[in-house]
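The values are calculated or read from the model by the stated rules, or taken from the named source; none is laboratory data. Computed from a predicted model, the values in this text were never measured in an experiment. Here the Cβ positions follow ideal geometry from the backbone for every residue, glycine too, while neighbour counts run over all protein chains shown.
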Amino acid sequence: MRFTSSRLKIERANKHIADIYAAVRTLPDRYTATVEVNPQTGNEVIKHDLSDGNTITTDLALMIGDAIHNLKCALDYAWIGTIERFVPSALDSSTKFPVRPTKDELESALRGRKIDTAAPTLFELVVSNIKPYQGGDHSIWSVHTLDILDKHRLLIPVLEFAGVDGIELENERGETSNGFTWGTDQKPPYYIPIEVGWRIKNKGHVSVAVLFDERTPAYLMDAPDLLSTFAKVVLNVVELLEGLI
């Protein structure tokens with residue numbers, strides 16, 4: 001394992017990803033549930049609210065950015081180690097893992113560094129297998145793009161409301177009803193109306209997903225799951241480059 005630094009960066013990224021998963025698991029506990037009465041109809045309404053939503057999303061954004069940055073560094077370290085071995089003349093202070101908008105631009109960049117002639121196996125591996133360009137490997141392109149975005153703004157995620165699970169009701173005859181209920185709002189507070197004649201035994205808990213926002217290449221994709229995929233892809237790239245040395 002020549003690329004120890006790359007692997008350490010991936011390990012650190014996985015630590016951040018584990019912290020994100022842990023934070024997501026605690027999200028239902030961050031909501032407060034109260035019961036209100038609709039003054040027009042007289043029926044009860046369960047209200048789930050989130051008082052510190054900005055703090056939560058900011059904390060998640062910092063963890064997401066740190067994970068992305070470590071994965072990008074892992075790619076850069078592995079690439080520098082590979083270039084040192086095969087094309088040391090191409091190594092300078094701006095050397096980093098090559099990601100380009102198109103396959104043609106990627107090939108042009110590698111040829112500009114004489115990698116196609118000095119290390120044809122490496123050239124073919126990058127262009128045909130790793131495919132670090134838009135429309136090639138989505139994970140590599142996303143890590144590259146998200147790392148750039150994080151340098152300009154926090155990657156604030158979207159907390160998508162899925163509904164309220166575990167609501168338990170009881171009517172005047174002692175009959176019970178429970179299950180999952182969709183809400184009517186996508187941003188807190190969430191209101192769950194209860195039919196007249198039913199009494200609330202359990203207010204339930206909110207189900208929420210953490211997604212990337214619309215200004216990213218991972219729009220509406222589950223952030224922790226996607227980051228976990230990114231880490232696996234980056235590790236595979238590191239291992240492929242290691243295999244050449």
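Give the residue, chosen from L169, L155, that is modelled with pLDDT of 90 or more, surrounded by 12 or more Cβ atoms within 10 Å (Cβ to Cβ) and more than 17 Å from T34 (Cβ to Cβ). Give the steps one after another, and end with the answer.
Numbers: L169 fails: more than 17 Å from T34 (Cβ to Cβ).
When all the criteria are applied, what remains is L155.
If you check I20 against the conditions, is it crowded, with 20+ Cβ neighbours inside 10 Å and not in a helix (DSSP H, G or I)? Outline the logic, then answer.
On the way: crowded, with 20+ Cβ neighbours inside 10 Å: yes; not in a helix (DSSP H, G or I): no.
No, not satisfied.
Can you tell me which residue among T117, T102, T121, T95 is over 22 Å from A223 (Cα atoms), touching a strand residue (DSSP E or B) at 6+ places or on another chain (Cβ under 9 Å) and surrounded by fewer than 18 Cβ atoms within 10 Å (Cβ to Cβ)? Walk me through how you get there before you give the answer.
Numbers: T117 fails: touching a strand residue (DSSP E or B) at 6+ places or on another chain (Cβ under 9 Å); T121 fails: touching a strand residue (DSSP E or B) at 6+ places or on another chain (Cβ under 9 Å); T95 fails: touching a strand residue (DSSP E or B) at 6+ places or on another chain (Cβ under 9 Å).
Result: T102 is the single residue among T117, T102, T121, T95 that is over 22 Å from A223 (Cα atoms), touching a strand residue (DSSP E or B) at 6+ places or on another chain (Cβ under 9 Å) and surrounded by fewer than 18 Cβ atoms within 10 Å (Cβ to Cβ).
Restricting to the stretch 210-245, count the residues that are surrounded by 19 or more Cβ atoms within 10 Å (Cβ to Cβ), assigned to a helix (DSSP H, G or I) and among the small types (G, A, S).
Total meeting the criteria: 2.
Within the stretch 96-113, restricting attention to residues that are outside any helix (DSSP H, G or I) and modelled with pLDDT of 95 or more, which residue is farthest from P132 (Cα to Cα)?
K96
T57: out of contact with any His (no Cβ under 7 Å at 6 or more places or on another chain), hydroxyl-bearing (S, T, Y), part of a helix (DSSP H, G or I) and surrounded by 14 or more Cβ atoms within 10 Å (Cβ to Cβ), yes or no? Steps first, answer last, please.
Details: out of contact with any His (no Cβ under 7 Å at 6 or more places or on another chain): yes; hydroxyl-bearing (S, T, Y): yes; part of a helix (DSSP H, G or I): yes; surrounded by 14 or more Cβ atoms within 10 Å (Cβ to Cβ): yes.
So T57 fits the description; yes.
Have a look at T32, T41 and point out the one that is in contact with a strand residue (DSSP E or B) (Cβ under 9 Å, 6 or more places away or on another chain), loosely packed, with under 13 Cβ neighbours inside 10 Å and not in a helix (DSSP H, G or I).
Of the residues listed, the single one that is in contact with a strand residue (DSSP E or B) (Cβ under 9 Å, 6 or more places away or on another chain), loosely packed, with under 13 Cβ neighbours inside 10 Å and not in a helix (DSSP H, G or I) is T41.
Name the one entry in D66, D92 that is charged (D, E, K, R), under 22 Å from I148 (Cβ atoms), out of contact with any Pro (no Cβ under 7 Å at 6 or more places or on another chain) and assigned to a helix (DSSP H, G or I).
D66
Being basic (K, R) and without any contact (Cβ under 8 Å) to a residue 24 or more places away in the chain is the filter here; which residues of the stretch 1-56 pass it?
K15, R25
From the list L155, L159, L122, which one is touching a residue at least 60 places away in the same chain (Cβ under 8 Å), farther than 18 Å from F230 by Cβ and not in a helix (DSSP H, G or I)? Let's see the steps before the verdict.
Values: L155 fails: farther than 18 Å from F230 by Cβ; L122 fails: not in a helix (DSSP H, G or I).
Among L155, L159, L122, only L159 is touching a residue at least 60 places away in the same chain (Cβ under 8 Å), farther than 18 Å from F230 by Cβ and not in a helix (DSSP H, G or I).
Within the stretch 26-49, identify whether any single residue is touching a helix residue (DSSP H, G or I) at 6+ places or on another chain (Cβ under 8 Å), at pLDDT 90 or above, over 18 Å from F212 (Cβ atoms) and aliphatic (A, V, I, L, M), and answer yes or no.
No, the stretch 26-49 contains no residue that is touching a helix residue (DSSP H, G or I) at 6+ places or on another chain (Cβ under 8 Å), at pLDDT 90 or above, over 18 Å from F212 (Cβ atoms) and aliphatic (A, V, I, L, M).
Report, by residue number, each residue of the stretch 1-17 that is surrounded by 14 or more Cβ atoms within 10 Å (Cβ to Cβ) and touching a Lys or Arg at 6+ places or on another chain (Cβ under 7 Å).
Answer for the stretch 1-17, where residues must be surrounded by 14 or more Cβ atoms within 10 Å (Cβ to Cβ) and touching a Lys or Arg at 6+ places or on another chain (Cβ under 7 Å): there is none.
Return the residues of the stretch 200-213 that are touching a residue at least 40 places away in the same chain (Cβ under 8 Å) and on the phi < 0 side of the Ramachandran plot; say none if nothing qualifies. Even if it seems obvious, please write down each step before you answer.
Start the filter on the stretch 200-213 by keeping residues that are touching a residue at least 40 places away in the same chain (Cβ under 8 Å), which leaves 200, 203-213.
Across the stretch 200-213, the qualifying residues are I200, K203, H205, V206, S207, V208, A209, V210, L211, F212, D213.
Please enumerate the residues belonging to the stretch 125-152 that are farther than 25 Å from T57 by Cα, acidic (D, E) and not in a loop (DSSP other than H, G, I, E, B).
none
Any idea which residue in the stretch 219-243 is farthest from D19 (Cα to Cα), counting only those that are among the β-branched types (V, I, T) and in contact with a Lys or Arg (Cβ under 9 Å, 6 or more places away or on another chain)?
Out of the qualifying residues, it is V238.
Within the stretch 21-65, which residues are of a type in the set (S, T, N, Q) and farther than 21 Å from G166 by Cα?
Answer for the stretch 21-65, where residues must be of a type in the set (S, T, N, Q) and farther than 21 Å from G166 by Cα: N38, Q40, T41, S51, N54, T55, T57, T58.
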